[in-house]
Amino acid sequence: MPEPRPEPRPAPPPAGVEVSAPCWNCRAPVAPRDTRCASCGRARTHALLVCAEPCLELRHGPGPPLGLGRHPDWAPRTAAAFAGWNKVSRHHASITVEPDGTAWVEEPEAGSRNGTYLNGARIAAGVRTPVRDGDQLRLGLRVSFAIRLYGPEPGTG
Ligand SMILES: [Zn+2]
């Protein structure tokens, strides 16, 4: 497969002209007034998690939690990337996004071996802890995610 080329940055729209933004899930254009994508049905609301090492970019919308860990069934979107990261637990933490755009991180009741940290503070196991736009989420000491939240209203993302 050829390397995907970086997309050129679109020019800003003229004042007063409404432009469609691409859906975060399927990239189909979403009109500014629509709160969900007509093509795939996903809400505009989602969280973006970016990790530098291992290189990982996850977008997650409202619905079931996004598992972060090394268990292939519990955390299917991260298990392969974390396969060599023994400080990341099999069931480390999960992210939930609500339709209103709020987001939450939670460790399973059993907790993780090396902890989950939100902006440097360890979260308690089994407790839903609110996540805000711009927060830093860390699994153990080394694996760090920058979090961006995109709400139901039109905007970037
Ligand atoms: Zn879509």
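The values are calculated or read from the model by the stated rules, or taken from the named source; none is laboratory data. Quick caveat, the model's predicted, so the values are computed rather than measured. We place every Cβ from the backbone using ideal geometry, glycine too, and count neighbours over all the protein chains shown.
Quick check: is even one residue across region 54-67 under 13 Å from Gly140 (Cα atoms) and either more than 14 Å from the chain's Cα centre (by Cα) or at pLDDT 95 or above (or both)? No, region 54-67 contains no residue that is under 13 Å from Gly140 (Cα atoms) and either more than 14 Å from the chain's Cα centre (by Cα) or at pLDDT 95 or above (or both).
Would you check if Ala146 is under 16 Å from the mean Cα position of the chain (by Cα) and closer than 24 Å to Arg27 by Cα? Taking the combined requirement at face value, the residue satisfies it. Being crowded, with 17+ Cβ neighbours inside 10 Å and either polar (S, T, N, Q) or out of contact with any strand residue (DSSP E or B) (no Cβ under 7 Å at 6 or more places or on another chain) (or both) is the filter here; which residues of region 130-150 pass it? Residue satisfying the conditions is Gly140 alone.
Restricted to region 21-35, and to residues there that are within 11 Å of the ligand (Cβ to nearest atom) and in contact with a Lys or Arg (Cβ under 6 Å, 6 or more places away or on another chain), the residue that is nearest to Pro152 (Cα to Cα) is Trp24.
Only residues that are surrounded by 12 or more Cβ atoms within 10 Å (Cβ to Cβ), over 14 Å from the mean Cα position of the chain (by Cα) and either of a type in the set (S, T, N, Q) or assigned to a loop (DSSP other than H, G, I, E, B) (or both) were counted across region 102-118, and they come to 7.
Within region 134-150, identify whether any single residue is outside any strand (DSSP E or B), β-branched (Val, Ile, Thr) and closer than 28 Å to Arg42 by Cα, and answer yes or no.
Within region 134-150, the subset outside any strand (DSSP E or B) is 134-135, 140-142.
When the remaining residues are screened for being β-branched (Val, Ile, Thr), the result is none.
No: zero hits.
Looking at region 100-152 only, could you name the residues that are touching a residue at least 60 places away in the same chain (Cβ under 8 Å), of a type in the set (D, E, K, R) and out of contact with any Leu (no Cβ under 8 Å at 6 or more places or on another chain)?
Once the filter is applied, which keeps residues that are touching a residue at least 60 places away in the same chain (Cβ under 8 Å), of a type in the set (D, E, K, R) and out of contact with any Leu (no Cβ under 8 Å at 6 or more places or on another chain), region 100-152 yields only Arg142.
Entry remark, region 79-100: residues being surrounded by fewer than 23 Cβ atoms within 10 Å (Cβ to Cβ), touching a Gly at 6+ places or on another chain (Cβ under 6 Å) and part of a loop (DSSP other than H, G, I, E, B) number 3 in total.
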